[in-house]
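Okay, so here's the structure we're looking at.
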Amino acid sequence: MSQQREISKIDSLLDLNQEYAWSNRLKALSYAKDASLIAEKIDNSEKKAYSYVYMAKTLGYLGLTNESFTYLEKAKKERYFKKDKVLQALVKEETSVNFGKLGLFAEVLNENLSILTLVANENTPLASRIKFRAYGNIAATYMNMGDYKKAVEWMKKEEKYSKEPLLLKTRHIKAAFSNLSANKGYVYLNYFKKNDSALFYFNKSLAVIANEKGETKAYIYRAFGDYYFKQKQYNLSLSYYIKSLEDIESRKIEMAELRVSLYDNIAKIYGILGEKEKQNVFLEKYNKENEKATKLNPISVRKAVSVILSDNKSNISRENNTAKLLFVLLFSVTAIASFIFYRYKSKQNKLLLQQKDVRLSEKNHLISEFEAETDYLKKKIHFTIDELINLAKKNDSNFYSNFIDTFPHFEKILLDISPSLKSSDFLLLAYIYLNFDTKQIADILFKSVRTIQNKKYALRKKLGISTNEDLYIWLKTRYNS
């Protein structure tokens, strides 16, 4: 009974750590530390491991990457660690965050791909949140690397998974939904060059967390600043960059990378506006913050390299593969060299090197994903066409989800042809695939025949279907082939 009381205390302290993670991080750290002390006192390996992970997360929030790595290593050494896949995924998640701060994008991708494999069959709210964030982290990393095609591919997976009911039972999930919309906004702004769509998604991102006092708005304010900067509306851009800074300051949270970026952008705008005195103030702030980050980086990079070496060496010993050992050593040397000379290398060459390191992991993940989907489809009892048609005629809210369960590759095939397709487009295409004519669709959706005709015409343009092709035959041919 005494030990159970102590375990309950630990759980309460870790709950408090998460509650204060975005409002008072020093307080959050103290709660995690207290939890770890109790866990050590009663020698509970599970609680020790989890408290170390939450300490690592909070230290990472505070910008103390080196210390964060240290506590992640402590968690991995606990005997309980190997028993809990969700715990392993949490460690990998925070490890990937630390790698991201150091610009080690290939390692970020590797960690998140392995997270998806780890939690593939874990059906708990926490596992669901970790999986959702892994999709988001992969998409965001590809975007940071300038590979927008890959980013869009993973964003679609993230958006599809966002409908998972278990997600709604987790904490801070609204921030993850907000990030998804913000990243979609950046894709439309920088890749598709569609400003209206970009602004729509930025507004959607802000709306998701607008009333969430515990969530920082700094990133989405920065996104608005970037948007208006591209439109050359410099005063509006400046106001959002300053709002982003104010959000950071009001929460007293360490966001060094974002702060450096904001100082740089604000200085640029003041330069464009001809306000040299203010430009110099923010250039000085930029230089100080950047210098502080640069001093910390060598220690953190050395720690990151030791983590990479440690993880890869353990894999190599299990697989007894000399070739992999040479690869790991080669990568380590490359990682150190790239840090020393990264200011002097072009961004494009650096990204090409990093992309090579992730290919094997991504292939392995795709194989496991395919196997999981095959297994799922074997067990799945599909709706018959007649049942789907009956649901469609009733305008049943479950129609489209059941349609996608029955035709799982429908969206992917069409998105490969036209990435700009929306959810309303897919619904209309589902009706077309099931041979509903224009009047039937109009009656079901309570729209005019003219409206449905216009939507069909717009679909033809998006999909590149010529006027002499039958839309119904084209759609069936594409899907069935």
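The values are calculated or read from the model by the stated rules, or taken from the named source; none is laboratory data. If you're wondering where the values come from, they're calculated on a predicted model, not measured in any experiment. Backbone-built Cβ (ideal geometry, glycine too); neighbour counts: all protein chains shown. All accessible areas refer to the heavy atoms of the entire protein, side chains included, with ligands and DNA or RNA removed. Shrake-Rupley method; radii C 1.70, N 1.55, O 1.52, S 1.80 Å.
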- Message: So with the 1.4 Å probe, I'd like the accessible area per residue for region 383-457, rounded to whole Å².
- Response: 54 Å²
- Note to self: C-alpha centroids of region 150-218 and region 68-121 sit apart, in Å, by 23 Å
- For Ile242, what accessible area in Å² do you get when you roll a 1.4 Å probe over the heavy atoms of the protein chains, rounding to the nearest 10? 50 Å²
- Query: Using only the Cα atoms of region 136-176, what do you get for the radius of gyration and for Dmax, in Å?
  - Reply: 11.5, 34
- Message: Using 0.36 nm times the number of residues separating Thr384 and Lys213, minus their current alpha carbon distance, what extension gain do you get?
- Response: 56.9 nm
- Query: What FRET efficiency, computed as 1/(1 + (r/R0)^6) with R0 = 56 Å and r the Cβ-Cβ distance, is obtained for Asp405 and Ser250, rounded to the nearest 0.05?
  - Reply: 0.80
- Query: Roughly what would the spin-label model give for Leu471 and Lys169, points 7 Å off Cα along C-beta, in nm?
  - Reply: 4.1 nm
- Message: Once R0 is set to 25 Å, what does the formula 1/(1 + (r/R0)^6) return for the Cβ-Cβ distance between Ser45 and Ser2, expressed as a FRET efficiency to the nearest 0.05?
- Response: 0.90
- Query: With θ set to phi - 60° and the Karplus curve 6.51 cos²θ - 1.76 cosθ + 1.60, what are the ³J(HN,Hα) couplings of region 146-163 in order, to the nearest whole Hz, using x for Gly and Pro?
  - Reply: x, 9, 5, 4, 5, 4, 5, 4, 7, 5, 5, 5, 5, 5, 4, 6, 5, 7
- Please report how far the C-alpha centroid of region 1-61 lies from that of region 434-473, rounded to the nearest whole angstrom. 57 Å
- For a label point 7 Å from the Cα of Ile417 along Cα→C-beta, name the residues of region 445-480 whose backbone N is under 14 Å from it. 456-480
- When the Karplus curve 6.51 cos²θ - 1.76 cosθ + 1.60 is applied with θ = phi - 60°, which whole-Hz ³J(HN,Hα) does each residue of region 96-110 get, with x for Gly and Pro? 5, 4, 5, 4, x, 5, 9, x, 8, 5, 4, 5, 4, 4, 4
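Return one whole number: the accessible area per residue of region 63-203 in Å², for a 1.4 Å probe. It would help to have the intermediate numbers written out before the result.
Details: 5840 Å² over 141 residues.
Roughly 41 Å² per residue, with all protein chains present.
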- For region 382-472, the accessible surface attributable to carbon and sulfur atoms (probe 1.4 angstrom, ligands and nucleic acids excluded) amounts in percent to 51 percent
- Task: Calculate one ³J(HN,Hα) per residue across region 274-290 by plugging θ = phi - 60° into the Karplus curve 6.51 cos²θ - 1.76 cosθ + 1.60, and present them in order as whole Hz with x for glycine and proline.
- Result: x, 9, 4, 5, 5, 4, 5, 4, 7, 5, 5, 5, 4, 4, 5, 5, 5
- Query: Ignoring ligands, DNA and RNA, what percent of the accessible area of region 57-211 is carbon or sulfur (1.4 Å)?
  - Reply: 53 percent
- Query: How big is D, in µm² s⁻¹, for region 160-225 by Stokes-Einstein at 20 °C and 1.002 mPa s if Rh is the Kirkwood radius over C-alpha pairs?
  - Reply: 175 µm²/s
- Query: Rule-of-thumb check for region 12-54: C-alpha Rg over 2.2 N^0.38 Å?
  - Reply: 1.07
- Pairs over 31 Å Cα to Cα, from Lys27/Lys163; Lys83/Lys204; Lys393/Lys422, come to Lys27/Lys163; Lys83/Lys204
